[in-house]
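The values are calculated or read from the model by the stated rules, or taken from the named source; none is laboratory data. It should be emphasised that the depicted structure is a prediction, and the values quoted were computed from it without experimental measurement. Here Cβ is always computed from backbone atoms with ideal geometry, including for glycine, and neighbour counts include all displayed protein chains.
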Amino acid sequence: MGVSLHNRSLILADIFGKSESASIKILGLVDSLTHAEFDIKVNSLKDKWENMSPGFLKWFKTYQEETFKQTMIQTIRSEADLSSLEWYTTNDNESINNAMQKVCGKNLTLPKFITEAKDYVESQENQLKMAIVQEGNYRFKGEYQHLEVPMQTWATWTSEQRKRHIAKVNRCKVQQKEIVNVVAEKNQNICISQPAESCTFSDVPASVLTDMWSKAGDILLIEHAVCKVPGQQDSRRVTSMSNSKTSHYVEYTRKSGRVSCDCYMYKLYKICQHAVAGAEDIGVLNLFITWRNRNKNNFTLTAAVNSTLPSTAGKKPTDKSTWKRHKTSNATATVTTVDGIVLDQSAESNYIFRFLRNTRIMVCYGCGKKFRQNIMEVPEEPQDIVIARKEFRQYVNEAGLFKNVIQERICSLPY
């Protein structure tokens with residue numbers, strides 16, 4: 001009909017109404033309570049519509065008027081429990097339906113559809129987990145990067161800790177980062193004498209440091225969350241924020257300025273929220289930060305794994321602590337060259353984390369222990385992550401030629 005965009009929006013507002021503000025809504029044709037009221041409103045719009053789009057009123061009365069009267073006026077919507085002035089549309093439903101059809105296809109039986117839908121939902125959840133640890137194809141935008149967790153930290157978290165963080169991500173709303181920063185700044189101003197920005201070392205992500213300072217502020221605001229240890233002037237017991245029934249031992253060393261903690265986070269980074277809170281309570285936070293700035297943390301995957309690894313891990317049932325191995329004179333080479341590629345067998349860079357989901361990983365190469373019975377089975381968190389290592393292997397192919405390859409071997413579970 002050649003209606004301009006401006007006139008089109010005006011006609012749509014006459015039909016469906018429009019919101020002038022959060023509390024003011026101009027009613028449209030669809031807000032009529034009776035058919036008679038609908039007819040009166042249509043007749044009142046005759047001249048306006050004819051000026052904006054000649055012929056539109058005739059088309060509307062011929063093809064659309066009865067549909068609106070029978071299915072869309074206020075009375076009909078009330079009977080369908082859609083009486084709110086906020087409009088209900090099928091846009092969300094159609095969006096989900098379109099996505100499901102692309103993934104699952106059409107004309108599926110109900111059992112097949114349920115299976116495909118379940119796999120689709122799980123794949124979405126897995127993509128979110130991968131984004132949290134900066135893996136996979138997706139990344140958080142800048143304003144949401146405070147929700148990211150380093151892979152080495154994620155590997156040491158329990159299933160409950162992971163679920164709580166995923167729930168936090170799912171609850172995140174627009175401007176959430178600004179709210180968190182305001183809370184963190186408030187806690188720092190009230191409780192913490194040194195800001196997180198005073199830490200000049202680069203081996204801890206800025207988002208992790210900000211989170212530590214925020215949690216330390218929360219700890220200091222709780223009464224009796226930081227307690228003195230009887231007879232030990234430079235020690236504190238700091239309540240765990242993840243489990244209120246436990247606490248961590250924090251100790252200050254006067255000679256060096258070091259503040260230590262027995263939690264896994266400190267083992268990874270040489271700093272944690274408990275150490276910050278304890279140092280602030282003792283009054284040596286500035287000395288602790290000075291010490292930490294001088295002592296760069298050389299993080300390794302071994303430290304991440306050993307932070308929660310049982311003391312008996314890696315030992316076979318037949319191993320005896322009294323057994324002794326005889327030293328050999330043959331030194332093991334730590335650097336291997338394979339077809340021009342240099343592989344440092346002792347380097348931490350050769351170790352990588354692997355999720356068991358959507359892989360064919362079944363057995364530990366070292367001890368032969370099975371991680372699962374079949375590839376469809378995925379162990380509960382945190383047993384769903386393994387460590388792989390790049391190793392040098394030699395073999396003879398079908399042609400009888402000697403070949404050298406670098407192959408990935410699954411070493412062990414991190415727990």
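Observations on the model:
- Residues located in the range 363-374, provided they are modelled with pLDDT of 75 or more and surrounded by fewer than 15 Cβ atoms within 10 Å (Cβ to Cβ): Val363, Cys367, Gly368, Lys369, Lys370, Gln373, Asn374
- Taking the range 105-120 as the range and being aliphatic (A, V, I, L, M) and surrounded by 10 or more Cβ atoms within 10 Å (Cβ to Cβ) as the test, the residues that pass are Leu108, Ile114, Ala117.
- Residue check, Asn187 in a helix (DSSP H, G or I), closer than 21 Å to Ala279 by Cβ and either modelled with pLDDT of 85 or more or touching a helix residue (DSSP H, G or I) at 6+ places or on another chain (Cβ under 8 Å) (or both): yes
- Residue check for Lys255: in a loop (DSSP other than H, G, I, E, B) and under 27 Å from Arg294 (Cα atoms): yes
One line per residue, one yes/no per condition, for (1) under 30 Å from Phe353 (Cα atoms); (2) part of a helix (DSSP H, G or I); (3) aromatic (Phe, Trp, Tyr):
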residue: Lys48; (1), (2), (3): no, yes, no
residue: Leu57; (1), (2), (3): no, yes, no
residue: Gln70; (1), (2), (3): no, yes, no
residue: Ile76; (1), (2), (3): no, yes, no
residue: Ile96; (1), (2), (3): no, yes, no
residue: Leu128; (1), (2), (3): yes, yes, no
residue: Phe140; (1), (2), (3): yes, no, yes
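- On inspection, Ile387 qualifies as at pLDDT 75 or above and either buried (at least 16 other Cβ atoms within 10 Å of the Cβ) or touching a Leu at 6+ places or on another chain (Cβ under 6 Å) (or both).
- Residue among Ile192, Ile222 that is in contact (Cβ under 8 Å) with a residue 12 or more places away in the chain and surrounded by 17 or more Cβ atoms within 10 Å (Cβ to Cβ): Ile192
- When residues of the range 271-282 are limited to those that are over 15 Å from Thr210 (Cα atoms) and of a type outside the set (A, V, I, L, M), the one surrounded by the most Cβ atoms within 10 Å (Cβ to Cβ): Gly278
- Taken together, Asp262, Asp281, Asp234, Asp344 contain a single residue that is at pLDDT below 55 and among the charged types (D, E, K, R), which is Asp344.
- Scanning the range 152-172 for residues that are polar (S, T, N, Q) and either surrounded by 12 or more Cβ atoms within 10 Å (Cβ to Cβ) or closer than 16 Å to Leu268 by Cα (or both) yields Gln152, Thr153, Thr156, Thr158, Ser159, Gln161.
- Among the candidates Thr62, Thr89, residue that is modelled with pLDDT of 85 or more and either outside any helix (DSSP H, G or I) or of a type outside the set (Gly, Ala, Ser) (or both): Thr62
- Unmet criterion (only one of (1) in a helix (DSSP H, G or I); (2) at pLDDT below 85) for Phe201: (1)
- Taken over the range 249-270, the criterion of being without any contact (Cβ under 8 Å) to a residue 24 or more places away in the chain, surrounded by 18 or more Cβ atoms within 10 Å (Cβ to Cβ) and among the aromatic types (Phe, Trp, Tyr) is satisfied by Tyr266 alone.
- The lone exception for Val30 - which of (1) outside any helix (DSSP H, G or I); (2) on the phi < 0 side of the Ramachandran plot it fails: (1)
- Taken over the range 98-126, the residue count meeting the criterion of being on the phi > 0 side of the Ramachandran plot and assigned to a helix (DSSP H, G or I) is 0.
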